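Student: Encoded as structure tokens, here's the structure I'll be asking about.
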Amino acid sequence: SHLPQYKAMRMVRWLNTAFLLAFVGLSKVYEEDNFFLPLVEMYQLLTPSELERVHTIGVDTHGLAYREVLSWVVRDIGTLQKQKIISDKIEDAMWKEVVKLRENLEVIFDMDDQPIPFVYVHLIYLISTVYLPLMAYTLAYNVSVADQSHGVEVIGVMCLFLACLFVLGLRDLGFILQDPFGEDLQDLSVMHYVTYTIQMSRRILEGETRPPPSEEEEMALESRRPALGSGYKCSPAVASTAAIPAATGDNNVYKV
């Protein structure tokens, strides 16, 4: 709102591009051909020269490309301040927001660099491989020696089924949490995040500033609003409290 329209559009383009490049460099599912280039073409996020520079860096090279684009934004903010288009205070606020975005994206990459260690994955497989057969054998033995008149076979089968469902479900859940940006239906909706951000930022730029209403229009609106009543209303108990002379002996000094 503090920038000329075309300068604001340029900055929003770069910010959306950086957000998009972060997910492309983060996930093996969202790549240049199936995610980055179609959105760049659809929303016209980069000029040919800017796209060439991004290709020179590499779209799928972890987080290098989005950091480059955010550096364009930071330099542009400094240029706007030197041209006196924005004040020093606005420059500082905008710069802090860009740095905050970069830090938030870096946190995602830090988590991606810390996958579940192999020893824990191996331990889960070992426990499920050893525990489930032992659980099945124990239930089968208990059912074989128990009283057969109360349907213990059905109860044993249900207990075994729930135990397998619980252990194997935890194992599959661990793999889904290890890669939340994959192609499973339970993964985070990266496509929705990116497209929603692009569309909402464009709506902000396309917002129209209406001419201010006249004094007559403002007063007409005020006259149609419900009355507020007295400015300082108090409860009946407080209102009935009379002024009591203070203990100073001076009849002209009162307290309520």
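Student: Going by average Cβ density within 10 Å per residue, which order do the peptides 66-76, 164-174 take, highest to lowest?
Tutor: Per-residue Cβ counts within 10 Å, averaged per peptide and sorted highest first, yield 66-76, 164-174.
Student: Using a Förster radius of 25 Å, what is the FRET efficiency between E97 and M191 based on their Cβ-Cβ separation? Nearest 0.05, please.
Tutor: After rounding, the FRET efficiency stands at 0.55.
Student: Taking θ = phi - 60°, what integer Hz values does the Karplus form 6.51 cos²θ - 1.76 cosθ + 1.60 yield along the stretch 35-42, in sequence order, with x for Gly and Pro?
Tutor: Couplings: 9, 6, 5, x, 6, 4, 5, 5 Hz.
Student: What is the percent carbon and sulfur in the accessible area of the stretch 1-83, measuring with a 1.4 Å probe over the protein chains and ignoring ligands?
Tutor: The value for the stretch 1-83 is 56 percent carbon and sulfur by accessible area.
Student: Continuing with this model, one more query. For R171 and I108, what is the calculated FRET efficiency with R₀ set at 30 Å and r taken between the beta-carbons, to the nearest 0.05?
Tutor: Between R171 and I108 the formula returns 0.75.
Student: Report the FRET efficiency, 1/(1 + (r/R0)^6), for E206 and T56, where r is their Cβ-Cβ distance and R0 is 41 Å, rounded to 0.05.
Tutor: With R0 = 41 Å, the Cβ-Cβ based efficiency is 0.80.
Student: Tell me, what HN-Hα J-couplings in whole Hz come from the Karplus equation 6.51 cos²θ - 1.76 cosθ + 1.60 at θ = phi - 60° for each residue of the stretch 5-19, using x for Gly and Pro?
Tutor: Whole-Hz 3J(HN,Hα) from phi for the stretch 5-19: 4, 5, 6, 5, 5, 5, 5, 5, 4, 5, 5, 5, 5, 4, 4.
Student: To the nearest 10 square angstrom, how much accessible area does T129 have with a 1.4 angstrom probe?
Tutor: Per-residue accessible area (T129): approximately 90 Å².
Student: Per residue and in Å³, how big is the convex hull formed by the alpha-carbon atoms of the stretch 25-142?
Tutor: 180 Å³
Student: Same structure again: For K96, list the aspartates and glutamates whose Cα falls under 19 Å from its own Cα; do not include residues on the same chain fewer than 8 positions away.
Tutor: E68, D76, D88, E106
Student: Using the Karplus equation 6.51 cos²θ - 1.76 cosθ + 1.60 (θ = phi - 60°), what ³J(HN,Hα) coupling, rounded to whole Hz, does each residue of the stretch 122-133 give in order, writing x for Gly and Pro?
Tutor: Taking θ as phi minus 60°, the curve returns 4, 5, 4, 5, 5, 5, 5, 5, 8, 6, 5, x Hz for the stretch 122-133.
The values are calculated or read from the model by the stated rules, or taken from the named source; none is laboratory data. Fair warning: this is a prediction, and the values are worked out from it, not measured in the lab. So basically every Cβ, Gly included, is an ideal-geometry build from the backbone, and we count neighbours across all protein chains shown. In case anyone asks, the SASA skips ligands and DNA or RNA and just uses the protein heavy atoms, side chains included. Shrake-Rupley method; radii C 1.70, N 1.55, O 1.52, S 1.80 Å.
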